[in-house]
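Data first, discussion second: the structure below is written as structure tokens.
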Amino acid sequence: MQKILLAALLLIGFNCFGQKTERFVIAHEDPFDLHATFGKDSTTLFYEKLVPKGRPEGVLVILPGGGESVEDVKKQISLHTLAVQKNLLVLIPCLNWGTTKREPEIQFLDTMFKQVIETHQVPKDKVVMGGFSNGGMIALTYAQKANREKGSTLIIPKAVFGVDPPLDYAHLWNHCVKDIERNVSEVAVAEGKWIIDSYTKDFGGSPEAFRENYVKHSIFSYSEKDGGNAKYLVNTPVLLYTEPDIRWQMENRRRDYYDLNCVDIAAMINFLQIQGNKDAEMVVTTNKGIRLNGARHPHSWSIMDSQHALNWILKQLKK
């Protein structure tokens, strides 16, 4: 696997809500399509760093959803500005696409962590990670690898959070098959075909034929008594947000509860709580989902209350 080369060549400083924001380039090549620009000619991989006025007491990593720019993320939430005001160093990587197995993403994050820890002398045990959808998946996968293979990552996250992240690749495959069979929503069908093509390439085929591959790479596997990789989050605080707006899903995608992320989110949080994780929490919202363009959509950043998330993050960092 081609390694992401450390570049750190570009530094842009400006004030954002009175705070210093810097942009660092990690690489000028993007062989794994970690940063989707959709028509724009760019292969630059970077992260933005929001630096508090005081000495950083911890690090917060916020990861975009699929196809989102860093700027679009900052328009939809206030978590980054609230966190900086509480003396947290905030990192927002450009990672908004990427792979199913997440190895290049983890390598990118470790390069970023190395730079930040050396520069700001922040303790490695004071890092919280999270994101929306694909970003939440990256954060959860990083935490699982860090716990499963000690020493394989630069840090072990203190806590992780996710905004409606998909968790079980087998579940995703099956609901994509349903979307294609229903052939009602053009958006759902196109997404289903893309996911099935990707999983066929990466895993060999369906979860029925290649079960071990799906369990190996899924964040949570409902089919497994031990939750699959979820067992590596038993000692990690986890906060997940979801909005199961079934009326919207039926009217706009012709999906039912069996197709939604909320099913796996509830199952994994329940599993972690049963296993003794007292810091595994789920927040279920109603009528909160609004996209950046103002359109109603339950799968959105807006279902996360930034102040609520920050309070939870600060609570975990104090433990």
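The values are calculated or read from the model by the stated rules, or taken from the named source; none is laboratory data. If you're wondering where the values come from, they're calculated on a predicted model, not measured in any experiment. For neighbour counting, all protein chains shown are included, and Cβ atoms are generated from backbone atoms with ideal geometry for every residue, glycine included. When the accessible area is computed, the model is the full protein with side chains, heavy atoms only, and any ligands, DNA or RNA have been set aside. Shrake-Rupley method; radii C 1.70, N 1.55, O 1.52, S 1.80 Å.
Here are the numbers for this structure:
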| item | result |
| --- | --- |
| Neighbours by Cβ (under 6 Å, 6+ apart or cross-chain): first from region 298-317, part of a helix (DSSP H, G or I); second hydroxyl-bearing (Ser, Thr, Tyr) | ILE303/TYR241; ILE303/THR285; SER306/SER78 |
| Breaking point among (1) out of contact with any Phe, Trp or Tyr (no Cβ under 7 Å at 6 or more places or on another chain); (2) touching a residue at least 40 places away in the same chain (Cβ under 8 Å), for ASP226 | (2) |
| For SER185: the one exception among (1) within 23 Å of TYR241 (Cβ to Cβ); (2) open to solvent by 10 Å² or more (accessible area, probe 1.4 Å); (3) more than 20 Å from the chain's Cα centre (by Cα) | (1) |
| Close pairs from region 101-127: first open to solvent by less than 30 Å² (accessible area, probe 1.4 Å), partner charged (D, E, K, R) and in a helix (DSSP H, G or I), Cβ under 8 Å, at least 6 apart | ARG102/LYS145; ILE106/LYS145 |
| Elements of type helices (runs of 4 or more DSSP H) in region 117-217, at least 3 residues being over 20 Å from ARG254 (Cα atoms) | 134-148, 186-203, 211-217 |
| Cβ pairs under 6 Å, 6+ apart, first in region 266-291 and closer than 11 Å to PRO237 by Cα, second open to solvent by 50 Å² or more (accessible area, probe 1.4 Å) | ILE269/MET282; ALA280/GLN273 |
| Considering residues of region 261-301 that are small (Gly, Ala, Ser) and open to solvent by less than 30 Å² (accessible area, probe 1.4 Å) only, the residue farthest from GLY227 (Cα to Cα) | GLY289 |
| Checking TRP248 against (1) touching a helix residue (DSSP H, G or I) at 6+ places or on another chain (Cβ under 9 Å); (2) surrounded by fewer than 21 Cβ atoms within 10 Å (Cβ to Cβ); (3) outside any strand (DSSP E or B), the condition it does not meet | (1) |
